[in-house]
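Peer 1: I have a structure here, written as structure tokens, and I will follow up with some questions on it.
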Amino acid sequence: MSSAGLREVCTVLDRAQETPSTVTLRFEYPREAHPGQFVMVWLPGDDELPMSLSYTGREKGVTVKAMGETSRRILDTNRGAKIGIRGPYGNRFDLSPRRILVVGGGSGTAVLAPAAEEAHARGAAVTFALGATTAREMLFAERLRPIATALHLATDDGSAGHHGYVTAVADRLLAEAAFDVVWTCGPEVMMRKVLAAGDRASVPVFGSVERQMKCSLGLCDACALGPYHVCIDGPVFPGHVLQGLEEFGRSKRDPSGRLVPV
Amino acid sequence: MSSAGLREVCTVLDRAQETPSTVTLRFEYPREAHPGQFVMVWLPGDDELPMSLSYTGREKGVTVKAMGETSRRILDTNRGAKIGIRGPYGNRFDLSPRRILVVGGGSGTAVLAPAAEEAHARGAAVTFALGATTAREMLFAERLRPIATALHLATDDGSAGHHGYVTAVADRLLAEAAFDVVWTCGPEVMMRKVLAAGDRASVPVFGSVERQMKCSLGLCDACALGPYHVCIDGPVFPGHVLQGLEEFGRSKRDPSGRLVPV
Amino acid sequence: MTELRAEVGTLTFRNPLLLASGIWGESGRSLLGAYEAGAGGVVSKSIGTEPRTGYPNPTVEQYGDWGFLNAMGLPNPGIRAYPEEIRVAREGGAPVVGSVFAPTAEEFAELAKAMEPTGVCAVELNLSCPHAKGLGSEIGQDPVLVSEVTRAVRRATKLPVWVKLTPNVADVALLAEAAERAGADAITAINTVRGLAIEPTLRRPVLANGLGGLSGPAIKPIGLACVWQIYERVKIPIVGVGGIRSGRDVIEYLLAGARAVQVGTAVATDTVRVFSRIASELEKEAGALGAERLSDLVGAAHPGPARG
Amino acid sequence: MTELRAEVGTLTFRNPLLLASGIWGESGRSLLGAYEAGAGGVVSKSIGTEPRTGYPNPTVEQYGDWGFLNAMGLPNPGIRAYPEEIRVAREGGAPVVGSVFAPTAEEFAELAKAMEPTGVCAVELNLSCPHAKGLGSEIGQDPVLVSEVTRAVRRATKLPVWVKLTPNVADVALLAEAAERAGADAITAINTVRGLAIEPTLRRPVLANGLGGLSGPAIKPIGLACVWQIYERVKIPIVGVGGIRSGRDVIEYLLAGARAVQVGTAVATDTVRVFSRIASELEKEAGALGAERLSDLVGAAHPGPARG
Ligand SMILES: Cc1cc2nc3c(=O)[nH]c(=O)nc-3n(C[C@H](O)[C@H](O)[C@H](O)COP(=O)(O)OP(=O)(O)OC[C@H]3O[C@@H](n4cnc5c(N)ncnc54)[C@H](O)[C@@H]3O)c2cc1C
Ligand SMILES: Cc1cc2nc3c(=O)[nH]c(=O)nc-3n(C[C@H](O)[C@H](O)[C@H](O)COP(=O)(O)OP(=O)(O)OC[C@H]3O[C@@H](n4cnc5c(N)ncnc54)[C@H](O)[C@@H]3O)c2cc1C
Ligand SMILES: Cc1cc2nc3c(=O)[nH]c(=O)nc-3n(C[C@H](O)[C@H](O)[C@H](O)COP(=O)(O)O)c2cc1C
Ligand SMILES: Cc1cc2nc3c(=O)[nH]c(=O)nc-3n(C[C@H](O)[C@H](O)[C@H](O)COP(=O)(O)O)c2cc1C
Ligand code: FES
Ligand code: FES
């Protein structure tokens, strides 16, 4: 009826400090969403950023890591605050595989968690390899433990689980057990290693990718990644596609559209 | 998909000279229409006039009487010509009554014919009283004869049927037989008489009314008739409504909006 | 629940939803119908000195439910016949704003003077019809002419003078400033946006006049931008028009700086019941925003101290 | 079936459907993607002298599928980095029109000169961005500045010069005349229409910049009106833009006077496959109108002898 836009203003219902640098905000946003998809989160007066949904049910959530100015301000957002939400946008994880290896790095686990939960609810066996710089920065380990067939941790400083990169854990798991698919999200250098590991084990990998976003409608080109637009063709891409992209793991476009190193 | 308007350009498939002053144009116009409704007929380069549908099936038709410049040009339209059509607009006749008296004056019969045909198809008994200035100007007598329970004609010059006004015939029929409803269309002085006759016989009357039309969307006020707009509240009105209107049968608005005598 | 009374200068309306000029505006009974259906007031059809039949049909084109294009050509019964229509609306209790148009400042002034005894509560100067040659937007696009016309009318009548502007200019606020300096009591913005529809098969424009004016939801962002820009540069009240069909739309116009609004095309797309529906939406939604009075919202989306 | 080749002055495109500036225009691979998807050619993002990040988000607002409002703020990698993007598109075979913007005539001329060696087939001067202060529509609203900029670019390059105009003026044809007299080879019309969206709950404009520019089907009637008016007053070819998403829309623009068109917002609403869909609709529908070549339709809705 109204000619209003597609944006809704939502009240923050809950704020959970997940790690020292990561916070989850929950809000009611009635549109249907699927694991893998993202929303644009508008902090009025500030900016609007793409954020994967870390909860995709009726009471949705985003899990935000302090990076730059705006993400820091999102972290400072309190219960009762009003934020603008539009979306969901982008594609989703295929939830049909039965044996899934989830390899999450840092806040990348945010987008993998709801996918793993839903796959588990549908009967899949989900093994996790979660990495962080240090134990206190490990995201969603407790959330995912109840549904995990196995839960493996890795920290750069050895304060929890494997001392070293999570990619080493993933490599070992792929050698030891049979998986139908690997899902991954994290720094692109990490994802490149997971893609290589998947190749070695002949297991298909799907990775969720981040790029600068403005319209998230396939219009403005801010999120260009080779011939793709992350906002409409992604954020989830098959590993072989990512491997074919010169830019992946190497360069990305800054807000002016210039290619800069990732 | 397209942001095109609601107007369609139709090819005149058939042109039938109904009387020396009246022509029916047939054209394919796919939208659903009901007896009583009208369309806006655009003669490119000329004008666009409201015309009742005299055929409401898939191959629709309008039956036009030569009045002023534009209607004359519509009469000159040949098979193969392109005309613009939009609509249908307005309300319709209630086709549920079982015993119907149709009182048509001149080209007013155009809008009554499809209503009568459809009511007959649904099992109603339809009696006709059709009037014209002279026998050659009698509209649709042959079209309606096959479905008529009775068909009564009247001409001003006595060249066919009753010599005199068709309202006299209607008066007599209403006195002689029982009807559930009277439908009428014709000059407003004629319709006023039919309304009075209906009153005397305690039979409800519905009349189709013409007024200046421009938008036919309830926007411009060209068709104002008391508190009503003929394009959206009409053209079919219950007799008691018409009788309550000071203007009906007396005045109408010219294209500038001034009240002038009918 | 928010109190819906709206003040435009010295005038008070029971709610901020006025019928826009040119919609249901030829007959007094229709004006009254809009008021009875819930409008806070009504603006007459733009009236000229002599009766005018307007352009031949087609005079309208429709785009889905988000846009209408029209070139009526300012049909109107003329200022001698029209007072009778105003009388009908006034007797029914409707506050009527008398809209007028003319090719010269003198004729505008005479029309305004002729409106005075009819009981209208204000005159609205249509300086903005986008398709009638020499009448309307040629004047409304030139700040000097806007001044001249406004000043002439200002001198001729004690009635509040509303100046209705066209969006078909580089800087609508410049014209609003010209009107304010010349003594206008309010700015009405916007009239329709110049547009054209073409019929491919017939290889010709759809409207008999060729060019027309776009109205309906499609122009809401344009109207909001104009009201926003005008609010930043003039102090007199603004009446917002363009694409309004919901309570939310009205709130957007208020926040941009309008004190009242006019509703046109929605009377066709949503029937005349649109007035009561918008009013009840407005009451609820303005209430949810914590507004006691509508004036709490006026201009509130602008940075800086409120002028409510 | 109509031959779809389109001529704009000395340039020939395989079809008249060009990608509009600012859509899929930052990366050369995206430009090429539009060409591979069926566009007849592509216009680059408007490029300035220095890299620009543009405005913060939100930069877009959407109205159903009939309107988008944006204020990107002319983000672009700058003229030093951009030739590499053009190279990618050119190597894939795409004819590229290089769009440029600047605050002064001299800077426009330098940008045009810098475009020459990149292999673009023409430069398009963006004199029409409705929301970037001092860049764009302030120039495009003033015939003197339009002349100055056009003349400076005309002198600086042998490339065909297309001047892109804003609809946010009283008389768009006046600006087109100024561009023609100053040596422009073609007029592109229109850029977006100034608009505003307001978020009621937050009591603020949606876009970080406040004002933005409306695009999509809502502005098709406005774009058609501009092309119509320009066609009546200039002889150089016109490239029509605004709200095109079907073959019928293209035909309307051709009949109004355009020789080619640009498609922007529909790339988002209908995906990039819109180019091949429009092309096949156009082939069929122009054929049904009896056109052997598209030029048979150019301006054909105007009264008087055809200029096809
Ligand atoms: C589809 C998608 C989903 C996303 N989901 C999440 C999510 O669930 N949780 C979350 O915290 N963030 C997510 N992001 C990233 C988020 O949108 C922001 O980019 C991030 O919060 C930084 O924004 P900022 O303005 O605070 O930092 P900026 O001021 O932009 O940058 C601060 C620092 O972070 C770096 N940086 C910025 N953006 C990225 C990026 N995309 N990738 C890597 N480094 C970057 C910059 O180079 C800089 O060093 C997602 C991004 C996309 C495209
Ligand atoms: C809902 C509706 C349905 C209609 N259906 C039909 C129809 O099926 N067939 C048909 O022939 N016409 C119909 N008309 C009338 C038609 O639209 C035109 O008004 C009529 O053809 C005259 O148009 P014109 O331009 O040729 O004449 P004009 O130049 O407008 O007028 C010529 C003469 O006719 C008189 N006249 C014009 N319009 C009317 C009118 N509405 N009633 C009485 N006298 C009038 C004028 O006063 C003048 O004397 C209908 C009108 C309406 C509103
Ligand atoms: C059919 C029609 C006729 C109009 N006639 C007039 C008029 O006579 N005078 C005037 O000032 N505005 C006239 N307008 C403009 C409206 O008053 C209003 O400014 C415009 O339609 C935008 O509002 P909307 O989107 O609510 O319709 C007319 C608009 C329409 C659609
Ligand atoms: C997101 C976006 C960015 C744009 N950027 C530019 C630009 O950089 N330069 C320019 O000349 N026009 C720009 N435009 C305007 C378009 O080129 C086009 O003129 C306008 O969108 C109307 O066409 P459409 O309705 O097909 O989108 C932009 C439009 C949009 C929607
Ligand atoms: S964010 Fe604009 S195209 Fe993807
Ligand atoms: S014809 Fe316009 S309101 Fe009826």
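Peer 1: What's the center-to-center distance, using Cα atoms, between the stretch C:219-242 and the stretch A:4-54 in Å?
Peer 2: Rounded to whole Å, the Cα centres lie 32 Å apart.
Peer 1: Can you tell me the relative contact order of chain C? Whole percent, Cα pairs under 8 Å, sequence separation 6 or more.
Peer 2: Values: 786 pairs, mean separation 60.8, N = 308.
With pairs under 8 Å counted, the relative contact order is 20 percent.
Peer 1: Order the peptides C:216-226, C:118-128, D:182-192, D:153-163 from the highest to the lowest mean number of other Cβ atoms within 10 Å of their residues. Please list the in-between numbers first.
Peer 2: On the way: C:216-226: 30.7, C:118-128: 25.0, D:182-192: 26.9, D:153-163: 20.6.
Going from most to least packed, we get C:216-226, D:182-192, C:118-128, D:153-163.
Peer 1: Which order do the peptides D:288-297, B:131-140 come out in when sorted by mean C-beta neighbours inside 10 angstrom, highest first? Don't skip to the answer; put the middle values down first.
Peer 2: Details: D:288-297: 17.3, B:131-140: 21.1.
In decreasing order of mean packing, D:288-297, B:131-140 become B:131-140, D:288-297.
Peer 1: Within the stretch C:46-71, which residues have the backbone N less than 19 Å from the label spot 7 Å out from B:D76 along Cα→beta-carbon, could you tell me?
Peer 2: Answer for the stretch C:46-71: C:56-58.
Peer 1: With +1 on each Lys and Arg Cβ and -1 on each Asp and Glu Cβ, how big is the dipole of chain D about its Cα centre, in debye rounded to the nearest 20?
Peer 2: On the way: 30 positive and 32 negative charges, 26 e Å.
That gives chain D a dipole magnitude of about 120 debye.
Peer 1: Hey, got the average number of other protein chain Cβ atoms within 10 angstrom for residues in A:211-218?
Peer 2: On the way: counts 0, 3, 2, 11, 10, 3, 8, 8.
If you average over the peptide's residues, the count of other-chain Cβ atoms is 6.
Peer 1: From the P(r) of the stretch A:3-89, can you give the percent of Cα pairs sitting at distances over 20 Å? Before the final figure, lay out each step's value.
Peer 2: On the way: 910 of 3741 pairs.
Tail fraction, whole percent: 24.
Peer 1: Among the aspartates and glutamates, which fall within straight-line cross-link reach of C:K284, defined as a Cα-Cα distance under 16 Å, with same-chain neighbours fewer than 8 residues apart omitted?
Peer 2: Those aspartates and glutamates meeting the cut-off are C:E3, C:D249, C:E252, C:E292, C:D296.
Peer 1: Tell me the label-point distance for the pair A:M67, D:S280, using the 7 Å Cα-to-Cβ offset, in nm and rounded to one decimal.
Peer 2: Between A:M67 and D:S280, the label points sit 4.0 nm apart.
Peer 1: Per-residue Cβ counts within 10 Å, from other chains only, averaged over B:44-52: what number is that? If you can, show how the numbers build up before the last one.
Peer 2: On the way: counts 8, 5, 3, 6, 8, 2, 1, 0, 0.
For this peptide, the per-residue mean of nearby foreign Cβ atoms is 4.
Peer 1: Report the GluC sites (Glu not before Pro) located in the stretch B:153-248 that are in a DSSP loop and have at most 13 other Cβ atoms inside 10 Å of their Cβ, or state none.
Peer 2: Working: sites: B:E176, B:E188, B:E210, B:E246, B:E247; in loops: B:E210, B:E246, B:E247.
Counting only loop positions with at most 13 other Cβ atoms within 10 Å, the GluC sites (Glu not before Pro) in the stretch B:153-248 are B:E246.
Peer 1: Continuing with the same structure: Taking 18 Å as the cut-off for C-alpha to C-alpha distance, list the pairs among B:K214/C:K164; C:K158/C:K235; D:K164/D:K235 that go past it.
Peer 2: Numbers: B:K214/C:K164 24 Å; C:K158/C:K235 20 Å; D:K164/D:K235 16 Å.
As for pairs spanning more than 18 Å Cα to Cα, those are B:K214/C:K164; C:K158/C:K235.
Peer 1: While we're looking at this one, here's another question. Tell me, what is the FRET efficiency for D:M1 and D:R273 to the nearest 0.05, using R0 = 22 angstrom and their Cβ-Cβ distance as r? Before the final figure, lay out each step's value.
Peer 2: On the way: r = 20 Å, r/R0 = 0.93.
The calculated FRET efficiency here is 0.60.
Peer 1: Would you work out the relative contact order for the stretch B:1-75, in percent, from Cα pairs under 8 angstrom that are 6 or more residues apart?
Peer 2: On the way: 122 pairs, mean separation 19.8, N = 75.
Normalised by residue count, the contact order of the stretch B:1-75 is 26 percent.
Peer 1: Straight-line reach from D:K113: which aspartates and glutamates fall under 19 Å, measuring Cα to Cα and dropping same-chain residues less than 8 apart?
Peer 2: Those aspartates and glutamates meeting the cut-off are D:E50, D:E84, D:E85, D:E124, D:E148, D:D185.
Peer 1: Additional query: Please report the antiparallel percentage of the DSSP beta bridges confined to the protein assembly as shown, to the nearest 5. Each step should come with its number before you reach the end.
Peer 2: Values: 106 of 208 bridges.
Close to 50 percent.
Peer 1: Mean residue ellipticity at 222 nm from the helices of chain A, using -39,500 (n - 2.57) per DSSP H segment of n ≥ 4 over the full residue count, to the nearest 500 deg cm²/dmol? Before the final figure, lay out each step's value.
Peer 2: Values: 7 runs with 58 residues, N = 262.
So the helix-based figure for chain A works out to -6000 deg cm²/dmol.
Peer 1: Counting DSSP beta bridges with both partners in chain C, what percentage is antiparallel, nearest 5? Mind dumping the intermediate values first?
Peer 2: Working: 16 of 43 bridges.
Taking every DSSP beta bridge with both residues in chain C, the antiparallel ones total about 35 percent.
Peer 1: Right, something else. Rounded to the nearest 500, what is chain D's calculated 222 nm mean residue ellipticity when only DSSP H runs of at least 4 contribute -39500 (n - 2.57) each, over all residues? The partial results should precede the final answer.
Peer 2: Values: 10 runs with 101 residues, N = 308.
Taking each H run of at least 4 residues, the total per residue is -9500 deg cm²/dmol.
Peer 1: Moving on to the next point. Tell me the net charge near C:E110. Cut-off is 13 Å between Cβ atoms, C:E110 excluded, with +1 for each Lys or Arg and -1 for each Asp or Glu.
Peer 2: -1
Peer 1: While we're here: Using the structure shown, select from B:K82/D:K220; B:K193/B:K252; A:K193/A:K252; B:K60/B:K193 the pairs with a Cα to Cα distance greater than 28 angstrom. Mind dumping the intermediate values first?
Peer 2: On the way: B:K82/D:K220 25 Å; B:K193/B:K252 18 Å; A:K193/A:K252 18 Å; B:K60/B:K193 31 Å.
Those over the limit are B:K60/B:K193.
Peer 1: Using alpha carbon centroids, what distance separates the stretch C:69-133 and the stretch C:4-66, in Å?
Peer 2: Value for the Cα centre distance between the two parts: 11 Å.
Peer 1: Taking 8 Å as the Cα distance limit and 6 or more residues as the minimum spacing, I'd like the relative contact order of chain B as a percentage.
Peer 2: 15
Peer 1: Turning to a different aspect of this structure: Taking the C-alpha atoms of chain A, how large are the radius of gyration and the largest Cα-Cα span, Dmax, in Å?
Peer 2: Reported Rg and Dmax, both Å: 17.6, 57.
Peer 1: For the pair B:L245/D:V144, report the inter-label distance in nm, with labels modelled 7 Å from Cα in the Cβ direction.
Peer 2: With each label placed 7 Å out from Cα toward Cβ, I get 5.9 nm.
Peer 1: Using a Gaussian network model on chain C with a 10 Å cutoff between Cα atoms, which of C:G64, C:G41, C:G92 fluctuates the most?
Peer 2: Judging by the Gaussian network model, the answer is C:G64.
Peer 1: Quick one: C:Y82, B:Y29, fewest Cβ neighbours within 10 Å first, how do they rank? Don't skip to the answer; put the middle values down first.
Peer 2: On the way: C:Y82 27, B:Y29 20.
Ascending number of Cβ neighbours within 10 Å: B:Y29, C:Y82.
A short reminder: the numbers here are calculations on the coordinates, not readings from a lab. Since the model is a prediction, treat every value here as computed from it, not as a measurement. When we count neighbours, we look across all protein chains shown, and the Cβ atoms used for this are built from the backbone with ideal geometry, even at glycine.
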